[in-house]
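Inspection log for the structure reproduced underneath, given as structure tokens.
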Amino acid sequence: MEKEVVISIKGMQQYEGALPDAVELVTAGRLARDGTGYTLSYQESELTGLDGTLTTIQVDGEQVTLMRVGEFNSQLVFQEGRRHLSVYNTPYGAMSVGVNTRHLLAELSDRGGDIEVDYFIEIDHALAGRNVFRISVKEAEKGLGSLKQ
């Protein structure tokens, strides 16, 4: 199963000594069922500062993996109550990134669903801040034309 969907993303980043920064985005994407999980993918835009980057979110049971491929390549693994390390590649070099997930909810079906992740992020082993994102996925209306990835 693979279908075109509308993805609504609400994100909040809070870094020490700074006011929270919130972003909201609605974009077209694809939802696919693969084995026991789901894969959600969409193209980033200028609004997110990641224009030309493909973001893929894999939901498999109690684990969500966010991958970005483009100018900034990264893979972040979210699992409630667990800490995962990964490498974040930028044009300026690579950084070690730690993700400590406080809360994770991932309820997707063939018709869409919701993903919520609340996590702390560490950069080179120093706490950098707290991030929260909520993603709502709905089937795209028929007759809107093809969405290109």
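The values are calculated or read from the model by the stated rules, or taken from the named source; none is laboratory data. The structure presented is a predicted model; accordingly, all values stated were derived computationally and were not measured. Counting neighbours? That spans all protein chains shown, and the Cβs are built from the backbone with ideal geometry, glycine included.
Per-structure values
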item	result
Filter result for Gly98 (buried (at least 17 other Cβ atoms within 10 Å of the Cβ), within 20 Å of Glu4 (Cα to Cα) and touching a residue at least 24 places away in the same chain (Cβ under 8 Å))	no
Count of residues meeting criterion [of a type outside the set (A, V, I, L, M, F, W, C), at pLDDT 95 or above and surrounded by fewer than 17 Cβ atoms within 10 Å (Cβ to Cβ)] in the range 115-138	4
Whichever residue in the range 4-21 is small (Gly, Ala, Ser) and closer than 17 Å to Ile115 by Cα and, among such residues, is surrounded by the fewest Cβ atoms within 10 Å (Cβ to Cβ)	Ser8
Contacts under 9 angstrom Cβ, first residue in the range 1-19 being without any contact (Cβ under 8 Å) to a residue 60 or more places away in the chain, partner assigned to a strand (DSSP E or B) and among the β-branched types (Val, Ile, Thr), 6 or more apart	Glu2/Thr39
Residue within the range 47-70 that is surrounded by 13 or more Cβ atoms within 10 Å (Cβ to Cβ), over 16 Å from the mean Cα position of the chain (by Cα), modelled with pLDDT under 95 and assigned to a strand (DSSP E or B) present	no
Checking Gly112 against (1) free of Cβ contacts under 8 Å to residues at least 24 places away in the same chain; (2) surrounded by 14 or more Cβ atoms within 10 Å (Cβ to Cβ), the condition it does not meet	(1)
